[in-house]
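Presented below is the structure to which this report refers.
The values are calculated or read from the model by the stated rules, or taken from the named source; none is laboratory data. Computed from a prediction, not measured in an experiment: that's the story for all the values here. Here the Cβ is made from the backbone with ideal geometry for all residues, glycine too, and neighbour counts use every protein chain on show. Quick note on the areas: whole protein, heavy atoms, side chains included, nothing else; ligands and nucleic acids left out. Shrake-Rupley method; radii C 1.70, N 1.55, O 1.52, S 1.80 Å.
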Amino acid sequence: MSDALIELQNIDLTYNPGTVNESCLFTNFNFKASKGEFVSIVGSNGSGKTSMLNLICGGLSAQSGKILLEGKDISKVPEFKRAKRIGRVFQNPALGTSPELSIMENLSLADNKGKHYGLGRGVDSSSRERMREMVRTLHMGLEDKMDLKAGSLSGGQRQALALLIATMTPLDLLILDEHTASLDPNSSETVMELTDKLVSEKELTAIMITHNLRYAVEYGNRIMMMHEGRAVLDMDGPEKEACRVEDLLDIFNEISIECGN
């Protein structure tokens, strides 16, 4: 029996099949991540990183192959149902929160994810205090601004809130889709530290796409590099711990030369 939490088996994916724009991305592609792994994925644009995440989350369907979550085939399960077990934080901070709702209202919606709604209050005094304490852990002073609209927050504040929202309810898998790429350097550092803290404390399995090679080296316990729909590097344990940014740059340069760039 496989110990994988998430597994992609023999995936074939072609964009625009049967047209002049037909483009084959994955051919018999395989990937798996075990429980508790924090996988950092790097690679050039078009290498298949985001397509892989979209396959896992259900926003994209392959022509053939299977996607297994704890051994159960979820290939035909719609995206909204997968969201009950898979959390995702996007590159754009605006996609993780509702701008017209307050911080408290955003958190309340997340807190009631998957529950049946009645006619009672969405937030009572006990849950309000609990959510204030959760926001306090962000160390951004937002616990005293719970009625502030999410749309008025800075990119870093909003992304930190989105990360908190994505991990409020029990998850099997956390997907981080270049979630620091749109932030300024200081906010990026803050969000990455928060990410590492949440993944560790909640013992989450996480898959993170990043263009920041230092983050890929410093965070997580496994690193993978993709190119043209395949993994050209995949290491964990002591090998990953010994990996340096310069090592990744060397591989990027080799690929670039092979591609005639």
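Tell me, which longest segment in the chain has none of the GluC sites (Glu not before Pro) that fall in DSSP loops with at most 13 further Cβ atoms within 10 Å? It would help to have the intermediate numbers written out before the result.
Details: sites that count: Glu22, Glu100, Glu203.
Longest stretch, sites excluded: 101-202.
Setting aside same-chain residues fewer than 8 positions from Lys35, which lysines have a Cα under 25 Å from its Cα? Those lysines meeting the cut-off are Lys49, Lys66, Lys72, Lys76, Lys81, Lys84, Lys113, Lys197, Lys202, Lys240.
Backbone amide hydrogens, once placed in the peptide plane, bring Phe26 within less than 5 Å of Leu13, excluding anything fewer than 5 places away on its chain. Think of the chain as having a plus end and a minus end, set by charges on the Cβ of Lys, Arg, Asp and Glu; of Leu69, Leu176, Ile257, Leu69 sits farthest toward the positive end of this dipole.
Can you give the calculated 222 nm mean residue ellipticity of the chain, where each DSSP H run of n ≥ 4 adds -39,500 (n - 2.57) and the sum is split over every residue, rounded to the nearest 500 deg cm²/dmol?
Details: 9 runs with 88 residues, N = 261.
Value at 222 nm, helices only, nearest 500: -10000 deg cm²/dmol.
Among Ala162, Ala206, Ala94, the largest mean-square fluctuation in a Gaussian network model of the chain (Cα springs under 10 Å) belongs to Ala94. Surface calculation, 1.4 Å probe, protein heavy atoms: Leu174 sits at approximately 0 Å² accessible. Using a probe of 1.4 Å on the protein chains alone, the accessible area found for Lys32 is around 90 Å². Axis of helix 185-201 versus longest Cα principal axis of the chain: the two differ by about 90°, to the nearest ten degrees. Here the contact order of the chain, divided by its residue count and restricted to Cα pairs under 8 Å and six or more residues apart, works out to 26 percent.
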